[in-house]
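To start, the structure itself, in structure tokens.
The values are calculated or read from the model by the stated rules, or taken from the named source; none is laboratory data. Computed from a predicted model, the values in this text were never measured in an experiment. Ideal geometry is used to build each Cβ from the backbone, glycine not excepted, and the neighbour counts take in all protein chains shown. Accessible surface areas use protein heavy atoms only, side chains included; no ligands, DNA or RNA. Shrake-Rupley method; radii C 1.70, N 1.55, O 1.52, S 1.80 Å.
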Amino acid sequence: MSLALKVLSFFFPELCHSCGNPLKPEESLFCAECRKSLKRVRVYCRRCGELFSEELPSWLEERELFGCKFCEAEKVYLDRVFLGFRYAEPISQLIERAKFEGDFVLAYKLGRLLRLALPSLPFDFDLACAVPLSVERLRERGYNQAELMLWGYLGKRPKSNPLRRVKHTRPQTELSRKERLENVKSAFSVEENVAGLKVLLFDDVMTTGATLRECAKALKKAGAREVVAIALARA
Ligand SMILES: [Zn+2]
Ligand SMILES: [Zn+2]
């Protein structure tokens, strides 16, 4: 951190979004104490990201459940899914702001928060990329929030993104599960050589997983060896 930034943060420290106490320079959005109370997603299929009932007995919660009815029935191109928080307050509100209110610094901070809250998430891969926006939406918004989150998560700017969104899709939130699948079908193409690579694929919110699966499909068809997905939040 530069001296000017250190001086600034000494006089004007950022405050915790939950308790309002000043944050330490290494913290992001929430103090260490409040970070612990953020709602996490615990019970899900580590292969496809499908949620299991939160009513499962607690001894089962911490076990890594790998494979489910859903990924048995359908070809899932993902090899592993890691989910961060539940799409609930206060995280959901912060994501909305990062997405729709032009707060791109917040997007970066959310990525940092994910890294701090879940240090066990993977960090070994050949290539990291975010789910891309269409050219139209990127022009409208000015930035891809998922890419900035990934930047915060990695602590460095991700290299060029091999994925392109070649179809301008409707926002997934407006659609039913079936429509979502149709909506993102063949929406992505891979424009760089990914043959033999282990790819980390990042998105802000996973809802049905259709978008992540479609991206993984494009990457696998282009020869990627492994696709591991991380979503900041799960709806
Ligand atoms: Zn706090
Ligand atoms: Zn599954």
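Couple of notes before you dig in:
- Residue satisfying all of: in region 12-31; open to solvent by 40 Å² or more (accessible area, probe 1.4 Å) and more than 8 Å from ligand 1 (Cβ to nearest atom); farthest from the chain's Cα centre (by Cα) among these: 12
- Residue match in region 21-41 (condition: modelled with pLDDT under 95 and in a strand (DSSP E or B)): yes
- Scanning region 77-116 for residues that are open to solvent by 10 Å² or more (accessible area, probe 1.4 Å) and of a type in the set (A, V, I, L, M) gives 88, 105, 116.
- Index of the failed condition, residue 71 passing every other in (1) more than 16 Å from residue 28 (Cβ to Cβ); (2) open to solvent by less than 50 Å² (accessible area, probe 1.4 Å); (3) outside any helix (DSSP H, G or I): (3)
- Any hit, region 89-102, residues being in contact (Cβ under 8 Å) with a residue 12 or more places away in the chain, farther than 28 Å from residue 141 by Cα and of a type in the set (Gly, Ala, Ser): no
- Taken over region 106-126, the criterion of being within 20 Å of residue 161 (Cα to Cα) and either free of Cβ contacts under 8 Å to residues at least 40 places away in the same chain or touching a Lys or Arg at 6+ places or on another chain (Cβ under 7 Å) (or both) is satisfied by 123, 125, 126.
- Taken over region 178-218, the residue count meeting the criterion of being of a type in the set (Lys, Arg) and under 22 Å from residue 84 (Cβ atoms) is 3.
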